[in-house]
1. Test of understanding: ordering 96, 74 by Cβ neighbours within 10 Å, fewest first, what list do you get?
2. At R0 = 41 Å, how high is the FRET efficiency between residue 60 and residue 110 if r is their beta carbon distance? Nearest 0.05 is fine.
3. What ranking do 12-20, 30-38, 63-71 get when scored by the average of other Cβ atoms within 10 Å per residue, highest first?
4. Compute the distribution of all C-alpha to C-alpha distances in the range 3-145, in bins of 10 Å from 0, and list the percent of pairs in each, rounded to whole numbers.
5. Please grab the % of Cα pairs in the range 1-83 that end up more than 20 Å from each other.
6. I need 90, 59 ordered by Cβ neighbour count within 10 Å, fewest first.
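Coordinate-derived values only; no laboratory data. All of these numbers come straight from a predicted model, not from anything done at the bench. Please note: Cβ atoms are built from the backbone with ideal geometry, for glycine as well, and neighbour counts cover all protein chains shown.
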Ligand code: ZN
């Protein structure tokens, strides 16, 4: 149980209860839907970019605490940075939640607050919850017309 308690840390609870950047975004020029059928998480992501920079980003949807907190933390992290940098952060985040403990520690340090999600690595089902928003972001930027599924 202590691992689970660790997983649902204060930051995760805070972001799942009070998600930041929640709601439809007016003037978004990218959007994508994401779906994690394993858990029932659904997300709609809205992104506004100008000259390669994420100027605004928001999400809607419903899901478990991990998926909501991860989407909330992601929007906080990505707002105001370049799309290229966002993609690099995605790679590091993905390595953190799926990678080995050594890389995880390294990644957690450079990812700041996103590091609170490192604990999902212990729970394979939760990795999909945590990475759903990120896969959806990638799809939105690449303007994929197919809804994202973690399956
Ligand atoms: Zn979930």
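1. Ordered by Cβ neighbours within 10 Å, fewest first: 96, 74.
2. Efficiency for this residue pair is about 0.90.
3. Averaged packing, sorted descending, gives the order 63-71, 30-38, 12-20.
4. Calculated over all Cα pairs of the range 3-145, the distribution is 13, 46, 34, 6, 0 percent.
5. It works out to 36 percent of all Cα pairs.
6. So the residues, fewest neighbours to most, are 90, 59.
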